[in-house]
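J.: The structure is given below, and queries will be raised subsequently.
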Amino acid sequence: MKRLSIIIMMAAAFTACSHRASMGRAADADSLSIDSAAVLSAADTDSSYIEVETVKFEKNDSTAEVSLLVQWPTKGEKVIVDSLRKHICYLLGNDDIDSPKAIQDYGQSLFESLSIDWHGVYDDMEPDERLGAFSKEHDITLLTQTSRYVTYFYRTFDYGGGAHGYTTDVGFTFRKSDGKQIKLVKDTDSPKLAKLIKEGVKHFFAGGPDKTMTDEEVLEFLFAEEVEALNNLPLPGNSPYLTDTGVVFLYTQYEIAPYSSGIITFEVPFADILPFLTPEAKELIQ
């Protein structure tokens, strides 16, 4: 736990072309499924652990592509299950979702809406001027859980015309005792924390925790033009989240780097980030 470990998110692969290739099925294809098997991160004898159902929906034709993968909480303490369900509804933009079946219905409605939008843009154009199908992906999955907290990971992809689509990754950690998200990091202006952030970014671009590159080499991937700026990178706009081994920081596309740099993500082990954790966060990882 003494070194920065890297979680490499292949954001650059989520361009419009690669996305369409990954969904390259026959026209008017659709796929619906619900996996009722419980997903547990620890012994199922512990009543604090949450069980989920994995709900999948996929449908595509020449105008629209929709892919949903949602791990819907089904069992666990009511306060945390209700909180997670409410947050899933927020991510999907639909407060009426209350079951796996409702997620599939939402997928069908989303597909129809995207198709209507596509026709509205391209029906008056010549066929050779039209771009690919409008696309939407939602992946909402349980990343990790302990007896004290649970972390979900959310990835969404949007394509509505243009050169490429847009991918968003974000993680959310909830305290199980009351179902709330808490502030994880304090002393955000500390030079020591800034050094951890800088090293995490460098390892991300170098390709792993055992590799490195010079400050000047890293600058080629960022909007920053001087080393001094690299020493004072802002914290990501999205809150960090907990795994079972550390705290993950994640920069969205265009936040500190151009689109070609992808989604910059790295994990700082608990041993290194501990001085910068809030008291509430420290309680969660004891």
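J.: Give Leu91, Leu68 a once-over and let me know the one that is open to solvent by 20 Å² or more (accessible area, probe 1.4 Å) and in contact (Cβ under 8 Å) with a residue 12 or more places away in the chain.
T.: After applying the criteria, what remains is Leu91.
J.: Here is a follow-up. Take the residues in segment 103-114 that are of a type outside the set (Phe, Trp, Tyr) and open to solvent by less than 20 Å² (accessible area, probe 1.4 Å); name whichever of them is nearest to Thr74 (Cα to Cα).
T.: Ile103
J.: Still on this structure, I have one more. Looking only at segment 101-151, which residues are closer than 30 Å to Glu283 by Cβ and in contact with a helix residue (DSSP H, G or I) (Cβ under 7 Å, 6 or more places away or on another chain)?
T.: Correct list: Ile140, Arg148, Tyr149, Val150.
J.: Right, here's the next one. Within segment 138-182, which residues are assigned to a loop (DSSP other than H, G, I, E, B) and in contact with a Phe, Trp or Tyr (Cβ under 8 Å, 6 or more places away or on another chain)?
T.: Listed by number, the residues that qualify are Ser147, Gly160, Gly161, His164, Gly165, Lys176, Gln181.
J.: Moving on. Of all the residues that make up segment 240-255, how many are at pLDDT below 95 and in contact with a Leu (Cβ under 8 Å, 6 or more places away or on another chain)?
T.: The qualifying residues number 0.
J.: Name the helices (runs of 4 or more DSSP H) wholly inside segment 226-286 in which the number of residues that are touching a residue at least 60 places away in the same chain (Cβ under 8 Å), farther than 30 Å from Asp158 by Cβ and open to solvent by less than 10 Å² (accessible area, probe 1.4 Å) is 1 or more.
T.: Where helices (runs of 4 or more DSSP H) fall fully within segment 226-286 and carry at least 1 residues being touching a residue at least 60 places away in the same chain (Cβ under 8 Å), farther than 30 Å from Asp158 by Cβ and open to solvent by less than 10 Å² (accessible area, probe 1.4 Å), they are 270-273, 279-285.
J.: Anything in segment 147-172 that is among the charged types (D, E, K, R) and open to solvent by 10 Å² or more (accessible area, probe 1.4 Å)? List them, or say none.
T.: Hits for segment 147-172 are Arg148, Arg155, Asp158.
J.: Name the residues in segment 122-146 that are open to solvent by 40 Å² or more (accessible area, probe 1.4 Å) and at pLDDT below 95, would you?
T.: Asp123, Asp124, Met125, Glu126, Pro127, Asp128, Glu129, Arg130, Leu131
J.: Of the conditions (1) open to solvent by 20 Å² or more (accessible area, probe 1.4 Å); (2) within 19 Å of Ile80 (Cα to Cα); (3) of a type in the set (Val, Ile, Thr), Thr188 fails just one. Which one is it?
T.: Among (1) open to solvent by 20 Å² or more (accessible area, probe 1.4 Å); (2) within 19 Å of Ile80 (Cα to Cα); (3) of a type in the set (Val, Ile, Thr), the lone unmet condition for Thr188 is (2).
J.: Now for a separate question. Taking Asp178 as the residue in question, decide whether it is modelled with pLDDT of 95 or more, surrounded by fewer than 19 Cβ atoms within 10 Å (Cβ to Cβ), over 16 Å from Val268 (Cβ atoms) and not basic (Lys, Arg).
T.: Here the answer is yes, as Asp178 does meet what is asked.
The values are calculated or read from the model by the stated rules, or taken from the named source; none is laboratory data. Quantities reported herein were computed from a predicted structural model and do not represent experimental measurements. Note that each Cβ is placed from the backbone with ideal geometry, even for glycine, and that neighbours are counted across all protein chains shown. The protein model used for the area step is the full one, side chains on, heavy atoms only, and it has no ligands, DNA or RNA in it. Shrake-Rupley method; radii C 1.70, N 1.55, O 1.52, S 1.80 Å.
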